[in-house]
Amino acid sequence: MEEAVPFSIVSTVKALSGALRRDAENEAEISREREKLWFKESSAKNLRNRDFLSPNTVLTTLYAGGEVPSDVLSGVRSLHGSGVLPIGASEVTAEGLRVCVDRCAAFKGVLCGITPYLRPAAQRQGCILINCPALHTKQTIPSPDTLALGQLRTVLIADHLGAHLRRQGYTVSFCPALPQDSDIVNFLKTLGIVWPTVPVSWTNEDREEKMKKALENSTYRDREIERGKRRSRGEEIEGEKRGIKEEVRINLKQVVQDGNVQGYDPSLGSCAVQREALCHLAQLDSATADLPVSTATVLHVTSCQDEFRQQQTAMLWRAAGATAVQRLVICGPVKTLGIQMNAAQYLQLRKAQMKEASEMKYGDQVEGQTWDDIIRVMTSATVRFELLSTVHTSPVTLDVQRDSGVSTKGPRGGVFVMYNCARLHTLFSSYEKGVEQGLYPEIPEGAELDFSALKEEGEWLLLFNYLIPFSELQDQSGQILWHEGGTARVNLRTEQVCRFLVSLSKDFSSYYNRVHVLGEPLPHLFNQMFCRLLLLRALRELYHSALDSLNLPPIPQL
């Protein structure tokens, strides 16, 4: 049986726009303003009386005096199509033309076929290499004590992008490979990050030599500058011919011009090839050796402080013969108030705060392996939400002297999200115990239920603002990656999942505190209870799906 096309906010707005523009005289002008014709409501206040609104300012632009023709109104009311939400009612009010969705039909359509709402709207193809310069070898292998907070942010963003893009169908790999069982690898594991590793004895010297020769023989080698540098130091060319090591310089400005790549720093000029750059290039060469160049994209996830150096590395790689598309994900700095600390100190502090907060809330039961695992995951959630919830190009300021990230008593990020996810597990555990005790029957098939019982405003808000749009939200990074112009920088909106989960948790918590889901075991109350359980079961799956894109496992209890 073919799977039904899921309801879509984008499809509905597009269909509503088409219906509204049917008799518009200034078609070309309105076409340019198409996406401003309708607004999807999201606040609880507005959702009480409308789901979509075309404001009066739009109507007066479309029609003389703002009078909507009767046939246009009929077209809006009878709207249907692939992915279009069922329309329940529409009318012209003082604010404009308002449209209400047939909520009973929408609840039934979504909750009886939730699977497509939990995955990206489109499955894509292609290979993506995510390169994290913060983990590349400088003089020594990076360690938790040498990793700055800004660099930790780039690693977390790289990890989130990898999980997020895999869900969209991409084949994703990471660079550089790190030595097995090294301190940095074990540190990343405590954050739930599984990074590629190689044996401690592994060497990449052959590829470094390959990169060196490629640059020595590159058409972009700047021999004039090299000669000028040698003469300014009083070195004799004849002496160099007898074995004195030559400096190799590459004209990066020419590489940029010939490649017609946009967005690179105009001050990129002649660059001397250093050993550190050769190591970096060798890792990139190794990581892309088996990737099909025609579909490969390399994302360099780096801090704003290292952007110029990474642009140099990207163009050196191109000068050495690399043809893969390269994009830069630039991350703003991480600042701390009143104290300087590295990644290891920051993680240790948040872990200690998480344990202290747990002991204050749950007392002596906070002990043993189960609680160790809970505290580890909750610490990871705290760190991820603190560093990922801000637009990646913007700075993050941490108040590390306060435990602002580890309270469950307010909407404060990762812990609040995990706590509300755990509440759903607790709810369903209670329901299943009730079934075992004979208090409740099993949840019947959705087709047997009357979803008109879902009248509480929080129920529609959870479906309309979260369950229906989640699939489209997941798909946005892939769309941007392919459709944004070919400039060096790309903005993949890495903050969206964290912000979505925090907003969802606020609205779910408000609903859950207000509504008693598991009612008295009376048959005439079962229909409403089952409808609510189906809604919250879908919500639990949404939590799991969103947390999976952050590489965070759900906590069954808290």
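When the stretch 356-388 is filtered for residues that are surrounded by 15 or more Cβ atoms within 10 Å (Cβ to Cβ) and among the polar types (S, T, N, Q), the ones remaining, listed by number, are S358, T379, S380, T382.
Return the only residue of L481, L558, L550 being touching a His at 6+ places or on another chain (Cβ under 7 Å), modelled with pLDDT under 95, among the hydrophobic types (A, V, I, L, M, F, W, C) and not in a strand (DSSP E or B).
L550
Between R540, R493, R532, the distinction of being surrounded by fewer than 22 Cβ atoms within 10 Å (Cβ to Cβ) and in contact with a Phe, Trp or Tyr (Cβ under 8 Å, 6 or more places away or on another chain) belongs to R540 only.
Conditions tested, residue by residue: (1) closer than 28 Å to V490 by Cα; (2) open to solvent by 30 Å² or more (accessible area, probe 1.4 Å); (3) in the same structural domain as G259 (by the TED database).
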| site | (1), (2), (3) |
| --- | --- |
| H136 | yes, no, yes |
| L147 | yes, no, yes |
| G150 | yes, no, yes |
| A158 | yes, no, yes |
| Q168 | yes, no, yes |
| S182 | no, no, yes |
| T190 | no, yes, yes |
| P196 | yes, yes, yes |
| N204 | no, no, yes |
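Y511 satisfies every condition listed in (1) assigned to a helix (DSSP H, G or I); (2) open to solvent by less than 10 Å² (accessible area, probe 1.4 Å); (3) under 30 Å from S394 (Cα atoms) except (3). As a summary of the residue check, N260 satisfies the conditions (1) exposed (fewer than 15 other Cβ atoms within 10 Å of the Cβ); (2) modelled with pLDDT of 90 or more; (3) under 24 Å from V329 (Cα atoms) except for the one numbered (2). Within the stretch 516-541, residues that are over 14 Å from V435 (Cβ atoms) reach partners that are small (G, A, S) and surrounded by 15 or more Cβ atoms within 10 Å (Cβ to Cβ) with beta carbons closer than 8 Å, at six or more positions or on different chains, in the pairs N527/A453; Q528/A453; C531/A453; L534/G446.
Any chance the stretch 518-525 includes a residue that's open to solvent by 60 Å² or more (accessible area, probe 1.4 Å), part of a loop (DSSP other than H, G, I, E, B), modelled with pLDDT under 90 and small (G, A, S)? No, the conditions are met nowhere in the stretch 518-525. The stretch 86-196 holds strands (runs of 3 or more DSSP E) entirely within its bounds, and those carrying 1 or more residues that are free of Cβ contacts under 8 Å to residues at least 60 places away in the same chain map to 87-92, 96-101, 171-175.
Against the definition (touching a Cys at 6+ places or on another chain (Cβ under 8 Å) and at pLDDT 95 or above), how does F451 come out, yes or no? Yes, satisfied. Scanning the stretch 3-17 for residues that are over 17 Å from R119 (Cα atoms) and either at pLDDT below 90 or in contact with a Cys (Cβ under 6 Å, 6 or more places away or on another chain) (or both) yields nothing.
Is it true that some residue in the stretch 346-366 is farther than 25 Å from R493 by Cβ, in a loop (DSSP other than H, G, I, E, B) and not acidic (D, E)? Yes, that holds for at least one residue.
In the set R98, R119, R103, R77, only one residue is basic (K, R) and within 30 Å of Q326 (Cα to Cα); that residue is R119.
Applying the condition of being modelled with pLDDT of 50 or more and in a helix (DSSP H, G or I) to the stretch 18-33 and asking which residue is most open to solvent (accessible area, probe 1.4 Å) yields G18.
Restricting attention to the stretch 81-96, the residues that are farther than 20 Å from V5 by Cβ, open to solvent by 30 Å² or more (accessible area, probe 1.4 Å) and either polar (S, T, N, Q) or outside the structural domain of N56 (by the TED database) (or both) add up to 1.
Of the conditions (1) of a type in the set (K, R); (2) open to solvent by less than 70 Å² (accessible area, probe 1.4 Å); (3) out of contact with any strand residue (DSSP E or B) (no Cβ under 6 Å at 6 or more places or on another chain), K36 satisfies every one except a single condition; which number is it? It is condition (2) that K36 fails. Given the residues Q311, Q305, which is the only one that is closer than 27 Å to T146 by Cα, out of contact with any Lys or Arg (no Cβ under 8 Å at 6 or more places or on another chain) and open to solvent by less than 20 Å² (accessible area, probe 1.4 Å)? Residue meeting the stated conditions: Q311. Taking the criterion of being in a helix (DSSP H, G or I), closer than 15 Å to V92 by Cβ and out of contact with any Leu (no Cβ under 9 Å at 6 or more places or on another chain), the residues of the stretch 34-60 that qualify are T57, T60. Evaluation of S503 against the conditions (1) more than 23 Å from R119 (Cβ to Cβ); (2) open to solvent by 10 Å² or more (accessible area, probe 1.4 Å) shows that the sole unmet condition is (1). State all residues of the stretch 431-462 that are assigned to a helix (DSSP H, G or I) and exposed (fewer than 12 other Cβ atoms within 10 Å of the Cβ); if no residue qualifies, say none. Result: K433, E436, A447, E448.
The values are calculated or read from the model by the stated rules, or taken from the named source; none is laboratory data. Note that this is a predicted model, so its numbers are computed, not measured. As a convention, Cβ positions derive from the backbone with ideal geometry for all residues, glycine included, and neighbour counts pool all protein chains shown. Remember, those area values only see protein heavy atoms, side chains included, never the ligands or the DNA or RNA. Shrake-Rupley method; radii C 1.70, N 1.55, O 1.52, S 1.80 Å.
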